[in-house]
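Asks: Next up is a structure, given as structure tokens.
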Amino acid sequence: MAGRAPGPGDEAMSGTPENMADRDIKEVGGATTSVVTVSGVNKVFDTSGGRTNALEGIDLTINTGEFVSLIGPSGCGKSTLLRLIGDLTAPTSGTVTVNGKPARQARLDRDYGIVFQAPVLFDWRSVQANVALPLEVKGMSRRERDERVRAMLELVELRDFARHYPYQLSGGMQQRVSIARALALQPSILLMDEPFGALDEMTRERMNSEVQRIWQQTGTTVVFVTHSIPEAVFLSSRVVVMSPRPGRIVRVIDVDLPRPRTDDTRETARYFELITEVRETLRGRRAGERADGVASAERTMAEGAVG
Amino acid sequence: MTALAGESDITSRRRVPAARRIARQIRYQAPAIVVAVAVLVIWELGVTALNMQQFILPRPSAIAAALVTESPTLQVAAGNTLFEALGGLAIGVSAGVLTAFAVSRWARVREAILPIAIGASAIPIIAAAPIFSNWFGILNPFSKMAVVILLVYFPMLINVARGLTQVEPSAVELMQASAASEGQVLRKVRIPNALPYFFTALKVCTTLSLIGAVVAEYFGGSSDVLGRVIVQSSSRLRFDITWAAITVAALSGILMYLVVLMVERVVIPWHASQRVAES
């Protein structure tokens, strides 16, 4: 919401509790530092069928405490971009800087937490042991570990399920365990790759509110890959819209809905406008071309947008 | 919520009183017991009614009698055969597991060893047995163990190697995101992942080990082994003793299998196969 004046739709949120909105005040204040800087990144995959330009000319800056969604049709390279930020794959050219250092160093410093579409829980570990895994890898003492695991399970509201095994949990609960695990090392960045893609719509909406709450409580910067437009708009500070072949950033859309966003937010006019704006952008139509002029040209050139 | 229902199921199963649990077990096993008893009764009555010769098919009661009268011989024979089978099993399984670690870790080792291992597994054991007797001495129990090793090594190697390598890529990436070392990935992901594969192979290998030992004994050696008892008693047309020896061999195999099942249940209670067995 960087620097944007209160827009239409804000009045619906007049009942917002003050304490939950302080993150947004901080952002409006402009005292932000960048956590992730992607500059001039290209990614080419060599396959048997030839070369594929997965990403081309990507520039993107993500600031501390932001919630940034990457959205686009399949094949637009949004997951690849996430994996580049997390050093799970290397760029063909260009640089990815995280917390002022190369992405590789950030990974070795355990600056990341990752959540995939599948929960990827280990069957042989109880819920608490799954959450403790990154802490064990780091070599944390048992007492510290137990304490941290308890706090994490509290955060995702699964304290009563600590001794359960993954197969005893529903899909939504499993994904909450994997979020707790990703946050266990208190990473400065949480990378989420379509984390709720396998959940039904009702569970997904509940998980969205949950993630917003966790994000607000922890202050972690979140990069979130999705192909659900409502999910991207509901959660994000900014939505990065991408297009395929080659994968590029088409436009970055600021989401100025006040926090905390609730089920009521989903019924405001501004919410629908933003959804429409993202959808039009995905269709390759400039929002400014629309008759009602919902989007202004200045937003088209929002920070980080390319080409 | 399914998770809660699942949990209450498990706790209630634990709280069931012992008497009821045994009753439930009996009810569960009843069909198998009834069929087994029926087969034995029909066998017994059929052989008597048809006036069949002993050397064609002895009556179950005659086999039972042979089991009792020959029990000193059979006990010694079973002990010696089990020693060969278990010795070969232990060596073959260890070798298979160690090779699996090497093969899954280094592509070079994989390329060098796998073709040879596949070739060795294609050798018919009946052909290998006299050769091993010649190499290690016909009276040396190791000549029989070598046959068992040849038989169990390959299935163990292939299964464990698969378990160590067929790990979800995202599980490995998750470990990388926590900056885990390769040793940590091995200990915390690959080895637990390979355990169910190991037990699947071990169940196959226990049965194979006994078959291997008995078959190897056919080609000579000490006469105090099940294979020799079978050969010698049948040549004397004492088929009641032959059947008794076969019964002992089968019971030994079932016993070994049950031990593996129990260990498996203790070591990997989290695996889906164990959950199915529970319900």
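Asks: Under 1.5 on a/c is rounded, so check that first for the protein assembly as shown, then, if it is not, pick prolate when a/b is larger than b/c and oblate when it is not; a ≥ b ≥ c are the square roots of the alpha carbon gyration tensor eigenvalues.
Replies: On the way: a/c = 3.32, a/b = 2.35, b/c = 1.41.
Because a/c hits 1.5 or more and a/b exceeds b/c, the protein assembly as shown counts as prolate.
Asks: Restricting to DSSP H runs of at least four residues, report the calculated mean residue ellipticity at 222 nm for chain B, -39500 (n - 2.57) per run over all residues, nearest 500 deg cm²/dmol. Show your work: numbers first, answer last.
Replies: Values: 13 runs with 229 residues, N = 279.
Roughly -27500 deg cm²/dmol at 222 nm, from the helical runs in chain B.
Asks: May I pose another question? Report, as an integer, the average count of C-beta atoms from other chains found within 10 Å of each Cβ along B:164-177.
Replies: Neighbouring Cβ atoms belonging to other protein chains average 5 per residue here.
Asks: Relative contact order for chain B: what percent, with Cα pairs under 8 Å and sequence separation of 6 or more?
Replies: With pairs under 8 Å counted, the relative contact order is 23 percent.
Asks: Which lysines, on any chain, are close to A:K138 with Cα under 21 Å apart, when same-chain ones fewer than 8 places away are left out?
Replies: A:K101, B:K188
Asks: Under the 0.36 nm per residue contour assumption, what length would be gained going from the current alpha-carbon distance of B:S273 and B:R187 to full extension? Numbers along the way, then the final one.
Replies: Numbers: separation 86, 0.36 × 86 = 30.96 nm, distance 2.20 nm.
Using 0.36 nm per residue and subtracting the Cα-Cα distance, I get 28.8 nm.
Asks: Moving on to the next point. Of all DSSP beta bridges in the protein assembly as shown, what percent run antiparallel (nearest 5)?
Replies: Working: 23 of 41 bridges.
That works out to approximately 55 percent antiparallel.
Asks: What order do you get for B:E111, A:E136 when you list them from fewest to most C-beta neighbours inside 10 Å? List each step's numbers first, then the result.
Replies: Values: B:E111 10, A:E136 17.
In order of increasing Cβ crowding within 10 Å: B:E111, A:E136.
Asks: At a Förster distance of 25 Å, what's the computed FRET efficiency of B:R162 paired with A:S48, Cβ-Cβ distance as r, to 0.05?
Replies: Details: r = 25 Å, r/R0 = 1.00.
With a Förster radius of 25 Å, E is 0.50.
Asks: For B:L114 and B:N51 in one chain, what is 0.36 nm times their gap in residues minus the Cα-Cα distance, to one decimal in nm?
Replies: Working: separation 63, 0.36 × 63 = 22.68 nm, distance 5.54 nm.
Length gained, B:L114 through B:N51: 17.1 nm.
Asks: Tell me, how many Å apart are the Cα centres for the range B:84-156 and for the range B:163-193?
Replies: Cα centres, the range B:84-156 to the range B:163-193: 29 Å.
Asks: Once you put a point 7 Å from the Cα of B:F136 and another 7 Å from the Cα of B:M262, both along the Cβ direction, what distance in nm separates them?
Replies: Using points 7 Å along Cα→Cβ, the separation is 2.8 nm.
Asks: Suppose R0 equals 25 Å; then what is the FRET efficiency for B:D224 and B:A127 from their Cβ-Cβ distance, rounded to the nearest 0.05? Mind showing how you got there, number by number?
Replies: Numbers: r = 25 Å, r/R0 = 1.01.
Efficiency, rounded to the nearest 0.05: 0.50.
Asks: Here's a follow-up. Of the trypsin sites (Lys or Arg not before Pro) in the range A:139-243, which ones lie in a loop per DSSP and count no more than 12 other C-beta atoms within 10 Å?
Replies: Numbers: sites: A:R142, A:R143, A:R145, A:R148, A:R150, A:R159, A:R163, A:R176, A:R181, A:R204, A:R206, A:R213, A:R238; in loops: A:R163.
Filter output for the range A:139-243: A:R163.
Asks: Using alpha-carbon positions, what is the distance between the centroids of the range A:87-160 and the range A:187-247, in Å?
Replies: The distance from the Cα centre of the range A:87-160 to that of the range A:187-247 comes to 18 Å.
Each reported figure results from applying straightforward, stated rules to the coordinates on display, with no laboratory input. Just so we're clear, the structure is a prediction, and the values are computed from it rather than from any experiment. As a convention, Cβ positions derive from the backbone with ideal geometry for all residues, glycine included, and neighbour counts pool all protein chains shown.
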